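Report on the structure given below.
The values are calculated or read from the model by the stated rules, or taken from the named source; none is laboratory data. Since this is a predicted model, take the numbers as computed values, not measurements. To get the accessible areas, we keep the full protein, side chains included, count just its heavy atoms, and leave off ligands, DNA and RNA. Shrake-Rupley method; radii C 1.70, N 1.55, O 1.52, S 1.80 Å.
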Amino acid sequence: MSYRRDHRASRGALLDKLDSLEEGGLRASSSYSNGIDDHNEQAMDSLHDRVSFLKRLTGDIHEEVESHNRVLDRMGNEMDASRGIMSGTMDRFKMVFDKKSNRRACKLSMYFVVSFFALYYIIRALFYFMYG
């Protein structure tokens, strides 16, 4: 009978430990627990460093995006201003080309410009072949 009592006692002890496990009462040895605590501290420090690095990185990205947005806004404003200037210039060209005498004067000036460039390149080619 003592065997049965011992068996029941050991079975009760096992079940008591199982109940404590269900209640979160797992007890580890102190050396094992210290090792886990150290590991957890290191993991937390590493995680904290990574999070702070990512926070700084996202802050830098945000600043970079803001600066690019400002540059693009300025560029858009300048393009709008240049579009206004170009439309004014095109209106002036239309007024010039509306009259036939103005059209002849523009053609004459274009002939002079084209002939100047042609003469320049011909002389330059001659000097290249002569003094090369």
Quick one: Debye curve from the C-alpha atoms of the range 64-125, no solvent, what's log10 I(q)/I(0) at q = 0.22, 0.23, 0.28, 0.30 Å⁻¹? -0.88, -0.91, -1.03, -1.07
Accessible-area value, LYS100, 1.4 Å probe, nucleic acids and ligands omitted, Å²: 140
Quote to one decimal, in nm, the extra length available between GLU41 and GLU64 on full extension: 0.36 nm per residue of separation minus the C-alpha distance between them. 4.8 nm
Just the accessible area for ILE61, please: 1.4 Å probe, Å², rounded to the nearest 10? 90
